[in-house]
Amino acid sequence: MQDNTKRADRVIFWMKVIFILFVVFWLQFVFMVMGVYLLFGDLLAVFSGMLFMVFAFCICAGIFMSLVAFCISYLSWLHRAISNLRLLTMTSFSPMGAVLLTCVPFVGYFLNYFIFSDMVKRQEGYMQQRGILKERFPKRILNAWMIASLLLLVLVFMDPNQLGFLTVVFTTFDIDRGVAFEFLEKTLILVIPILYIMSFSAYAKQEREIFRIHTEELFNKHVEEIIREREIIRAAEKLREKQ
């Protein structure tokens with residue numbers, strides 16, 4: 001078993017960077033909407049629009065580069081995490097199979113839910129058998145991540161007029177549908193990374209615990225081997241002395 005904690009820390013770091021950039025992008029959207037209603041001067045409005053475009057381009061470029069770094073770190077972590085698990089128990093997905101399925105465009109995002117759920121199940125089962133499970137994995141958070149992702153998918157690919165609950169809300173509170181629709185999308189974009197960061201952090205915590213115990217066991221075994229070797233040497237020396 002190899003240490004996977006540094007890979008997990010890198011994944012969490014890049015997820016947090018992406019989340020912060022999404023927050024900044026979301027705030028940029030809010031300020032842009034406010035500017036449309038508050039700025040009355042044509043020249044000022046044009047300058048503000050150009051500034052927002054440049055700012056949005058920089059944020060999008062940062063998000064893209066962070067996503068690339070995150071994908072590389074995540075796939076490296078995923079391969080090693082399943083490889084470590086297979087030394088302890090059985091998994092439904094092989095290390096390379098999980099990586100390849102995750103890399104499938106669009107579909108891999110949702111397949112990752114089943115891969116991650118299987119990893120959680122196998123890891124908790126092993127910890128429970130060993131009696132080292134201190135805190136159960138928050139499966140509800142992972143399920144909420146999946147539901148939020150599916151809802152975002154529906155919002156992106158369906159006409160908001162076809163969503164009855166949104167139509168009622170827009171009509172009741174007299175909200176512009178386009179603005180509210182985009183606001184809801186961006187809110188989900190912010191919520192989804194939070195849910196996944198929480199799920200991933202919980203799994204990484206259990207992964208660290210398993211590796212810590214495994215390292216201690218190897219150390220104790222090494223100490224026992226040294227003690228046994230010394231006892232054999234002492235016994236051999238006493239035997240020579242008697243002879």
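3J(HN,Hα) couplings calculated from phi for the range 79-85 with the Karplus curve 6.51 cos²θ - 1.76 cosθ + 1.60 (θ = phi - 60°) are, in sequence order, 4, 5, 4, 6, 4, 5, 4 Hz; Gly and Pro show x. According to the square roots a ≥ b ≥ c of the eigenvalues of the Cα gyration tensor, what is the shape class of the range 200-242, taking rounded for a/c under 1.5, prolate for a/b larger than b/c otherwise, and oblate for the remainder? Prolate is the answer for the range 200-242, as a/c is 1.5 or above and a/b outweighs b/c.
As an exercise, use a Förster radius of 51 Å and the Cβ-Cβ distance of Glu241 and Arg136 to find the FRET efficiency, rounded to the nearest 0.05. Kindly include the intermediate steps, with their values, before the conclusion.
Working: r = 58 Å, r/R0 = 1.14.
Between Glu241 and Arg136 the formula returns 0.30.
A straight Cα-to-Cα reach below 23 Å connects Lys221 with none of the lysines, residues fewer than 8 places away in its own chain not being considered. Only lysines eight or more places from Lys121 in sequence, or on another chain, were considered; those with a Cα closer than 17 Å are Lys134, Lys139, Lys205.
When the chymotrypsin sites (Phe, Trp or Tyr not before Pro) in the range 71-135 are filtered for DSSP coil states and for at most 15 other beta-carbon atoms within 10 Å of their beta-carbon, the remaining sites are Phe106.
A short reminder: the numbers here are calculations on the coordinates, not readings from a lab. Since the structure is predicted, the reported quantities are computational estimates derived from the model, not experimental observations. Methodologically, a virtual Cβ is constructed for each residue, glycine included, from the backbone with ideal geometry; neighbour enumeration extends over all protein chains shown.
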